[in-house]
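Shown next, in structure tokens, is the structure this report addresses.
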């Protein structure tokens, strides 16, 4: 079957979304409405009659078009019913020459030539077992920090609003994002909450002071730890351990995967691994076709 490049206006979004949602390697990031939220522009590569699809987010610089990997969408790449059969190289070859540079983060089920790609880590934790079993798999440091947070009287804030979450996030880590990225995050969170794809979980002191919060997104069988933020006081008191413990407790004995969204940062990876999660690898490809981009 032929892989066809389609401009955004040429894409049948119903067929696109059915392809992504029905794929065993489904990720919410690949849904057309999610891409519309996090990308100013995106086109697509389509195998046959939407047997498989791959989004291409793009920008222009000095009139020159290039593909990039958008924020808040960890794994994109190829989605379809038989992901193990699709070769990333075939889809990359179908990217038009009008793209003078391309950057794609494929997903963990895509077949990528590792000699020409960058290997990245994600961390995932199956939640099918009962909580007591999952807890025993936490390492000693994680169990100790959960007990510390509980002794300090921290509690889960059940009525965390979107405004409270965004305010905390921008106050604590907004400096890592430019104004456009901050706006994308705000719109994304508001949309996900409005349409019940996400919930916000916070942890607070007895006096109501918010110490940290997470936006938790569920789509199909993945529960994604999409974005989190913590005050310095929350970090010092290990408040985020309390939140993740609560997430695991609430969702134990369910056939879902808690997806921590990486990271290659050893300190963050250590935090995720402490809850018994396992590494899941995916690859990114970044190639310049011409020297001036």
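The values are calculated or read from the model by the stated rules, or taken from the named source; none is laboratory data. Because the structure is predicted, anything quoted here is derived from the model rather than measured. Virtual Cβ from ideal backbone geometry, glycine too; neighbours counted across all protein chains shown.
For residue 44, only one of the following conditions fails: (1) part of a strand (DSSP E or B); (2) under 23 Å from residue 256 (Cα atoms). What is its number?
Failing condition for residue 44: (2).
Quick check on the stretch 225-238. Is at least one of its residues under 30 Å from residue 116 (Cβ atoms), touching a residue at least 24 places away in the same chain (Cβ under 8 Å) and assigned by TED's automatic domain parsing to the domain that holds residue 155? Walk me through it before giving the result.
Taking the stretch 225-238 as the starting set, the residues that turn out to be under 30 Å from residue 116 (Cβ atoms) are 225-226.
If we keep only those that are touching a residue at least 24 places away in the same chain (Cβ under 8 Å) as well, we get 225-226.
From what's left, assigned by TED's automatic domain parsing to the domain that holds residue 155: 225-226.
The answer is yes; a qualifying residue exists.
So, residue 46, is that one closer than 20 Å to residue 87 by Cβ, in the same structural domain as residue 71 (by TED's automatic domain parsing), in contact with a strand residue (DSSP E or B) (Cβ under 9 Å, 6 or more places away or on another chain) and surrounded by 15 or more Cβ atoms within 10 Å (Cβ to Cβ) or not? Spell out the reasoning first.
Working: closer than 20 Å to residue 87 by Cβ: yes; in the same structural domain as residue 71 (by TED's automatic domain parsing): yes; in contact with a strand residue (DSSP E or B) (Cβ under 9 Å, 6 or more places away or on another chain): yes; surrounded by 15 or more Cβ atoms within 10 Å (Cβ to Cβ): yes.
Here the answer is yes, as residue 46 does meet what is asked.
For the stretch 246-272, what are the residues that are more than 19 Å from residue 212 (Cβ to Cβ) and in contact with a helix residue (DSSP H, G or I) (Cβ under 9 Å, 6 or more places away or on another chain)?
Scanning the stretch 246-272 gives 252, 253.
Among the residues of the stretch 239-290 satisfying the criterion of being without any contact (Cβ under 8 Å) to a residue 24 or more places away in the chain and not assigned by TED's automatic domain parsing to the domain that holds residue 169, which is surrounded by the fewest Cβ atoms within 10 Å (Cβ to Cβ)? So that I can check it myself, show each step before the final result.
Of the residues in the stretch 239-290, the ones without any contact (Cβ under 8 Å) to a residue 24 or more places away in the chain are 250, 265-268, 270.
From what's left, not assigned by TED's automatic domain parsing to the domain that holds residue 169: 265-268, 270.
Details: 265: 10, 266: 9, 267: 7, 268: 14, 270: 13.
Step by step, filter the stretch 239-290, then rank; the result is 267.
Taking the stretch 186-215 on its own, how many of its residues are more than 11 Å from residue 226 (Cβ to Cβ) and in contact (Cβ under 8 Å) with a residue 60 or more places away in the chain? Before the answer, list the steps.
Looking only at the stretch 186-215, we keep the residues that are more than 11 Å from residue 226 (Cβ to Cβ), and these are 186-187, 190-191, 193-196, 201-213.
Restricting the remaining residues to those that are in contact (Cβ under 8 Å) with a residue 60 or more places away in the chain gives 187, 191.
Final tally of qualifying residues: 2.
With at pLDDT below 95 and touching a strand residue (DSSP E or B) at 6+ places or on another chain (Cβ under 8 Å) as the only criterion, which of 83, 126 stands out?
Numbers: 126 fails: at pLDDT below 95.
Answer to the check: 83.
With the stretch 153-260 as the region, which helices (runs of 4 or more DSSP H) entirely inside it contain at least 2 residues that are farther than 26 Å from residue 35 by Cβ and in contact with a strand residue (DSSP E or B) (Cβ under 8 Å, 6 or more places away or on another chain)?
Working: elements: 162-173, 179-194, 232-236, 239-251.
Once the helices (runs of 4 or more DSSP H) in the stretch 153-260 are filtered for at least 2 residues that are farther than 26 Å from residue 35 by Cβ and in contact with a strand residue (DSSP E or B) (Cβ under 8 Å, 6 or more places away or on another chain), what remains is 162-173, 232-236, 239-251.
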